[in-house]
Amino acid sequence: LEYSAGTRVFNCLIAENYAGWRGGGIASDGTGLEVINSTVANNSAGCAGSFSGGGIASINNADLAFSNCIIWANVPDQIDYENGFIGISYSIFEGGFAGTGNISEDPLFTVGPRGYHYLSQKAAGQFEDSPGVNSGDNEASALCSMAPSSLCLDLYTTRRDEAPDMGQVDIGYHYYSE
């Protein structure tokens with residue numbers, strides 16, 4: 001993303017990507033970026049030391065806001081930013097990040113029918129609940145995409161038995177629920 005204001009990312013899985021320099025998952029260069037209910041995990045960037053951002057790189061005063069997201073297991077680090085504003089709330093961030101409702105515990109990913117980033121949930125047959133279950137900042141039915149049509153997260157799931165997310169929204173990416 002480069003030099004455009006107001007970019008919004010909603011319910012995206014950004015995983016297992018590689019960048020030779022910075023921002024294995026997301027590289028935002030001089031732009032405003034809002035990321036909602038997304039997972040940025042298992043990405044990497046080739047530049048160790050300063051200026052890396054295996055998961056996220058904010059370059060040239062880019063302002064970034066994340067809510068209800070999981071940022072986990074990116075190497076060599078989760079985020080790299082130069083100047084600019086970084087706001088993270090109601091998110092799971094490996095290593096911790098100051099902000100309202102943030103969690104630094106393992107999200108307890110589990111494999112499901114459509115991928116590797118479902119959240120462990122007792123109600124779906126796992127032994128433990130992920131700390132991301134019912135930990136978001138709003139009701140699932142109130143979190144909807146703007147375009148091309150309004151798709152709300154209560155039609156999607158973080159459970160491997162594919163039961164839809166109801167009530168307080170789960171943190172992170174939601175798979176389509178049939």
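The values are calculated or read from the model by the stated rules, or taken from the named source; none is laboratory data. Model, not experiment: these values are computed from the prediction. Positions of Cβ are backbone-derived with ideal geometry, glycine not excepted, and every protein chain shown enters the neighbour counts. Surface areas here come from the heavy atoms of the whole protein model, side chains and all, with no ligands, DNA or RNA. Shrake-Rupley method; radii C 1.70, N 1.55, O 1.52, S 1.80 Å.
Which members of segment 148-178 meet the condition of being within 16 Å of VAL35 (Cβ to Cβ) and of a type outside the set (Phe, Trp, Tyr)? Steps first, answer last, please.
The initial filter retains those residues of segment 148-178 that are within 16 Å of VAL35 (Cβ to Cβ), namely 153, 169-174.
Hits for segment 148-178 are LEU153, VAL169, ASP170, ILE171, GLY172, HIS174.
Here are some residues: ASP154, ASP170, ASP137. Which one is open to solvent by 60 Å² or more (accessible area, probe 1.4 Å) and of a type in the set (Asp, Glu)?
Values: ASP154 fails: open to solvent by 60 Å² or more (accessible area, probe 1.4 Å); ASP170 fails: open to solvent by 60 Å² or more (accessible area, probe 1.4 Å).
Of ASP154, ASP170, ASP137, the one residue that is open to solvent by 60 Å² or more (accessible area, probe 1.4 Å) and of a type in the set (Asp, Glu) is ASP137.
Look at ARG114 and say whether it is touching a helix residue (DSSP H, G or I) at 6+ places or on another chain (Cβ under 9 Å) and not acidic (Asp, Glu). Let's see the steps before the verdict.
Numbers: touching a helix residue (DSSP H, G or I) at 6+ places or on another chain (Cβ under 9 Å): no; not acidic (Asp, Glu): yes.
For ARG114, the condition - touching a helix residue (DSSP H, G or I) at 6+ places or on another chain (Cβ under 9 Å) and not acidic (Asp, Glu) - is not met.
Within the group GLU82, GLU16, which residue is within 25 Å of SER135 (Cβ to Cβ) and not small (Gly, Ala, Ser)? Reasoning before the result, please.
Details: GLU82 fails: within 25 Å of SER135 (Cβ to Cβ).
Checking each option against the conditions leaves just GLU16.
Just checking, which of SER145, SER91, SER130 is touching an Asp or Glu at 6+ places or on another chain (Cβ under 9 Å), among the hydroxyl-bearing types (Ser, Thr, Tyr) and open to solvent by less than 70 Å² (accessible area, probe 1.4 Å)? Lay out the reasoning, then the answer.
Numbers: SER145 fails: touching an Asp or Glu at 6+ places or on another chain (Cβ under 9 Å); SER91 fails: touching an Asp or Glu at 6+ places or on another chain (Cβ under 9 Å).
The match here is SER130.
State all residues of segment 125-158 that are of a type outside the set (Gly, Ala, Ser) and more than 16 Å from the chain's Cα centre (by Cα); if no residue qualifies, say none.
Passing the criteria: GLN126, PHE127, GLU128, ASP129, GLU139, MET146, PRO148, LEU151, CYS152, ASP154, LEU155.
Of everything in segment 77-97 that's among the polar types (S, T, N, Q) and at pLDDT 95 or above, which residue is farthest from the chain's Cα centre (by Cα)? Break it down stepwise before answering.
Here is the first cut: in segment 77-97, the ones among the polar types (S, T, N, Q) are 78, 83, 89, 91.
Still in the list and also at pLDDT 95 or above: 89, 91.
Values: SER89: 11, SER91: 7 Å.
Ranking the candidates gives SER89 first.
Please verify whether PHE97 is not aliphatic (A, V, I, L, M) and not in a loop (DSSP other than H, G, I, E, B), treating the condition exactly as stated. Talk me through it step by step, then tell me what you get.
Details: not aliphatic (A, V, I, L, M): yes; not in a loop (DSSP other than H, G, I, E, B): no.
For PHE97, the condition - not aliphatic (A, V, I, L, M) and not in a loop (DSSP other than H, G, I, E, B) - is not met.
Out of all the residues in segment 106-137, which are within 16 Å of ILE92 (Cα to Cα), assigned to a loop (DSSP other than H, G, I, E, B) and in contact (Cβ under 8 Å) with a residue 60 or more places away in the chain?
Answer for segment 106-137, where residues must be within 16 Å of ILE92 (Cα to Cα), assigned to a loop (DSSP other than H, G, I, E, B) and in contact (Cβ under 8 Å) with a residue 60 or more places away in the chain: PRO107, GLY132, GLY136, ASP137.
In segment 37-65, what residues are at pLDDT 95 or above and open to solvent by 30 Å² or more (accessible area, probe 1.4 Å)?
ASN42
Are there any pairs, at least 6 apart or on different chains, whose C-beta atoms fall under 6 Å, with the first in segment 66-87 and open to solvent by 40 Å² or more (accessible area, probe 1.4 Å) and the second at pLDDT 90 or above and in a strand (DSSP E or B), and if so, which?
Final answer for the pair search is VAL75/SER44.
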